[in-house]
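Everything below concerns the one structure shown next.
Here, each number is a calculation from the coordinates, and none is a lab measurement. The structure displayed is predicted, hence computed values, not measured ones. Don't worry about glycine lacking a Cβ; one is built from the backbone with ideal geometry, like all the others, and counts go over all protein chains shown.
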Amino acid sequence: MTQDSTGSTASTEALGGTVNTGGEQQPTTASPLDTAWLRQQLVAEGPYSRLRVVEAVDSTNLQLSRAAGEPGFAETWPHLSVLTAEEQTGATGRLGRGWSSPPRTSLSTSVVLRPGRDGVDPTRQLPWISLVAGLSLVEVLRERHGIPAQLKWPNDVHIDGRKISGILAVLAPVPAGAAGGVTVVLGIGINVLLRAEDLPTPTSTSVLLELDRLGEGRASAAGAGSPDLATLRTEVLAALLERLAQNLADLEGVAARGSVRDSALGARVQEVMDTLGQEVRVELPGGGAESGTAVGLQDDGSLQVEVTRRRSAPEAPWEAVEGSAAQRRRPFSAGDVIHLRRAQA
């Protein structure tokens, strides 16, 4: 997932047609997603209800969230429907941070979920959806590509501190007068074919670059449209969505029975999370911050930190926190936190 640093505009295909927002579409020689094969694998033979691939959008999450407020959305976009774009021009991440994806180099995908559709209380599932999505990507990168990915709480996937993916789950609006259920739009952005010169920050990475680090040499291939790379985005997307459906079904069952954190699924999430055991600095709204050791997850998915120091403002001095280890433990939800960083960063 790449930062939107240009502010440029492009031709955008909305859910109802093509919208010209000004500017010119950036040319690309990279191969498009194999839509027919994806539909066969994921919809005809798989668990998904619908797959739509568009050339460009401002944001797959925003497109679906806007459509969710209109009548008929549940019928048009049922549970496990997918919208993915070859280019994303103006997405908004967690806390309103902007980002976009260059044409045909990244995966910009949103999945419509209805966690309470069978009458099961969705409350226990909701805080874990982003974490389970991150787990799914980590497992795919590790098992299929040998990339030592890790989950950073609450919603990023990293390789040795280099960000390869960001995830954002949002509650979608419900049309006026519509009956019941909760709708979640789960957005996943993955850097796949970006080369070093295309990365938005020095701490970003891509699947292509990580394969090169492992000795596969794909980043030296003759262009992102070369035969060696033509199917990489399609392969990553299919594998991710297949694993995601499996893990979300597991989440539904676990949440219906009891604690997600204490389940085998919760253990898998925590095993791949490099945040745990690390000295972290939690930056809070208003400029305050707390520092300490990340010791675990709460059952609502929040991060528990054994706080040793805190400050009231960016310029204020750090002060020691007194009390026993148990007394100094504090949970932080994703909505409470502006940034989570290693303490030495």
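Data for the structure
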| read-out | value |
| --- | --- |
| Rg to Rh quotient for the range 143-211, alpha carbon positions, Kirkwood Rh | 1.17 |
| Projected area, mean over directions - the range 246-345, Cα convex hull, nm² | 7.2 |
| Cut-off 19 Å, label 7 Å out along Cα→Cβ of A320, residues of the range 263-289 by amide N | 280 |
| Label-to-label distance, nm, for residues given as R257 and D160 (7 Å Cα→Cβ offset) | 3.9 |
| Stretchable slack from E279 to R144, in nm (0.36 nm times residue separation minus alpha-carbon distance) | 45.5 nm |
| Net lengthening on full extension, R50/T201 (0.36 nm per residue, minus Cα-Cα) | 50.9 nm |
| Under Karplus coefficients 6.51, -1.76 and 1.60, residue-wise ³J(HN,Hα) of the range 194-207 in Hz, glycine/proline x | 5, 8, 4, 6, 9, 5, x, 9, x, 9, 9, 7, 9, 4 |
| Two-site label geometry, A264 and V174: point separation in nm, points 7 Å out along Cα→Cβ | 3.4 |
| In order through the range 124-141: 3J(HN,Hα) via Karplus (6.51 cos²θ - 1.76 cosθ + 1.60), integer Hz, x for Gly, Pro | 5, 6, 3, x, 9, 5, 5, 5, 5, 5, x, 4, 4, 5, 4, 5, 5, 5 |
| Cut-off 9 Å between beta-carbons: net charge of the residues surrounding R310, Lys and Arg +1, Asp and Glu -1 | 0 |
| Rough spin-label spacing in nm, given labels placed 7 Å along Cα→Cβ, for E271 and V295 | 2.4 |
